[in-house]
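*Asks:* For reference, the structure I am asking about is given below.
The values are calculated or read from the model by the stated rules, or taken from the named source; none is laboratory data. Computed from a predicted structure; not experimentally measured. All Cβ positions, even for glycine, are placed from backbone atoms using ideal geometry, and neighbour counts span all protein chains on display. Surface areas here come from the heavy atoms of the whole protein model, side chains and all, with no ligands, DNA or RNA. Shrake-Rupley method; radii C 1.70, N 1.55, O 1.52, S 1.80 Å.
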Amino acid sequence: DFQLFEKNHSYMLLNSGLPQDLWDVLFFKVSNDIMDSGNIMEFGIEEDEEGEREFFVKLKDEVNLKKHEDVFLIDHAWTTTIHTAKQQLLEHPTLLHRMCEIMNLQNEFENESERKKLIDEIVNEKMWYFNQFYQIGVGNKEEAAVWYIMDELGSRVRHSESPNFAFAPFFYTSKGLSYTIIWPINDLEKGEEITRDYLPGVKPPQRELRLYPWFGLENRTEDELEAVVSTQSTFFFFFFFFFF
């Protein structure tokens, strides 16, 4: 029942920032496997001068949404670790196909060598634009990072410095399932794009530097780069390791 749900998940929910008025709504949805974001949200497509397409997510043209009006579940398309990602893609063609769709990659190859090259591109580069993570304790050992990529809708919500939605990972203990929960933090008009903050709670100067993989970096000194490394952020470490 809801009281047990609240007891088991209150610490997680308080840390997520989800308003308590929405806890019972979340309980109803996770208990009944209600994935209803598609009722009010849809994809939009932008195309640049070179013909490159970029997907984004918006409210449907007939729908508006009030601040803290509802909460939605986003599924995780792929959950992995740094050590298992490549092997999972090698062993599961449907997973590889789905990741190519989410990452806007051509899932075409003529031989095994080309397939492995595509998988290397995903594991060594592309997945890190989409990865989120949470940490779990394993006995008395240090917390281990679990990396996940949200489904097509969640992965295509773009960044904004003034986001209108909040995103947070959520683990439903009764079923042993993880989701991302999302909810509006501002009023949204009909057809408005849905946006989120890729780095909630991260302040300058680290913020601008950690956004580098998506938006580039200009006029930054070596001292400022060193300041970022010194934060010892697990999230940024992988980006820093790859992109610098």
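*Asks:* After finding the eigenvalues of the alpha carbon gyration tensor for the stretch 30-148, what semi-axes result from the square roots of 5 times each, listed largest first in whole Å?
*Replies:* The equivalent ellipsoid of the stretch 30-148 has semi-axes of 29, 25, 13 Å.
*Asks:* Report the local net charge at A168: Lys and Arg +1, Asp and Glu -1, summed over other residues whose C-beta lies under 13 Å from its C-beta.
*Replies:* Neighbourhood net charge equals 0.
*Asks:* Taking 0.36 nm per residue of sequence separation and subtracting the Cα-Cα distance, how much length would be gained by fully extending the chain between K67 and N104, in nm to one decimal?
*Replies:* 10.2 nm
*Asks:* Which length gain, in nm to one decimal place, applies between D187 and K7 when the Cα-Cα distance is subtracted from 0.36 nm times their residue separation?
*Replies:* Working it through step by step, the gained length comes to 61.8 nm.
*Asks:* Also, quick follow-up: First measure r as the distance between the Cβ atoms of K203 and I45, then evaluate 1/(1 + (r/R0)^6) with R0 = 35 Å and state the FRET efficiency to the nearest 0.05.
*Replies:* The pair K203/I45 has a calculated efficiency of 0.55.
*Asks:* So, one more: GluC sites (Glu not before Pro), restricted to the stretch 31-126: which are DSSP loop and have at most 16 other Cβ atoms within 10 Å?
*Replies:* Taking the stretch 31-126 and a limit of 16 other Cβ atoms within 10 Å, the loop GluC sites (Glu not before Pro) found are E49, E50, E52, E62, E69, E108, E110, E125.
*Asks:* Checking the cross-link filter: which aspartates and glutamates have an alpha carbon closer than 14 Å to that of K126, excluding same-chain neighbours under 8 positions apart?
*Replies:* Correct list for K126: E101.
*Asks:* Quick one: net charge around D36, please, counting Lys, Arg +1 and Asp, Glu -1 for every other residue with C-beta under 10 Å from its C-beta.
*Replies:* Surrounding charge for D36 is 0.
*Asks:* How much solvent-accessible surface does D61 expose, in Å² to the nearest 10, with a 1.4 Å probe and all protein chains in place?
*Replies:* 100 Å²
*Asks:* For the stretch 6-132, give the percent of accessible area contributed by carbon and sulfur heavy atoms, probe 1.4 Å, rounded to a whole number.
*Replies:* Here it works out to 44 percent.
*Asks:* In addition: Which ³J(HN,Hα) values, rounded to whole Hz and listed in residue order, are derived for the stretch 170-187 from phi using the Karplus coefficients 6.51, -1.76 and 1.60 in 6.51 cos²θ - 1.76 cosθ + 1.60 with θ = phi - 60°, glycine and proline given as x?
*Replies:* Per residue, the Karplus-derived 3J(HN,Hα) values read 9, 10, 8, 5, 5, 10, x, 10, 10, 9, 10, 9, 10, 8, x, 10, 9, 6 Hz.
*Asks:* If you don't mind, there's one more thing I want to ask. Straight distance only, please: which aspartates and glutamates reach the Cα of K190 with their own Cα at less than 19 Å, same-chain residues fewer than 8 apart left out?
*Replies:* D36, E42, E46, D61, E62, E69, D70
*Asks:* Expressed in nm to one decimal, what extension gain is obtained for the pair F215 and K116 from 0.36 nm per residue of sequence separation less their Cα-Cα distance?
*Replies:* So the chain would gain 32.8 nm between F215 and K116.
*Asks:* Now, a different point. Kindly identify the stretch 78-186 as rounded, prolate or oblate by the Cα gyration tensor criterion: order the square roots of the eigenvalues as a ≥ b ≥ c, call it rounded if a/c is under 1.5, otherwise compare a/b with b/c, prolate if a/b is larger, else oblate.
*Replies:* In terms of gyration-tensor shape, oblate.
*Asks:* Right, here's the next one. Spelling out what I want: for every residue of the stretch 107-112, take phi, set θ = phi - 60°, compute 6.51 cos²θ - 1.76 cosθ + 1.60 (Karplus), and round to whole Hz; glycine and proline get x.
*Replies:* Running phi through 6.51 cos²θ - 1.76 cosθ + 1.60 with θ = phi - 60° gives 8, 10, 7, 9, 8, 5 Hz.
*Asks:* Could you provide, to the nearest whole Å², the per residue accessible area of the stretch 1-115 with probe 1.4 Å?
*Replies:* Spelled out: the 1.4 Å probe surface of the stretch 1-115, per residue, equals 63 Å².
*Asks:* Order T173, T94 by their accessible area, 1.4 angstrom probe, all chains in place, largest first. Could the numbers behind the result be given before it?
*Replies:* Numbers: T173 65, T94 110 Å².
Highest to lowest solvent-accessible surface, that is T94, T173.
*Asks:* In addition: Hey, can you grab everything whose amide H is under 5 Å from the amide H of Y198? Only 5+ residues off in sequence or another chain; H modelled, so Pro and N-termini drop out.
*Replies:* S160
*Asks:* Taking amide H atoms as placed 1.01 Å from N in the peptide plane, list the residues 5 or more away in sequence, or in a different chain, whose amide H sits under 5 Å from that of V57.
*Replies:* Residues meeting the criterion, in which the H sits 1.01 Å from N, are G44, R158, I194.
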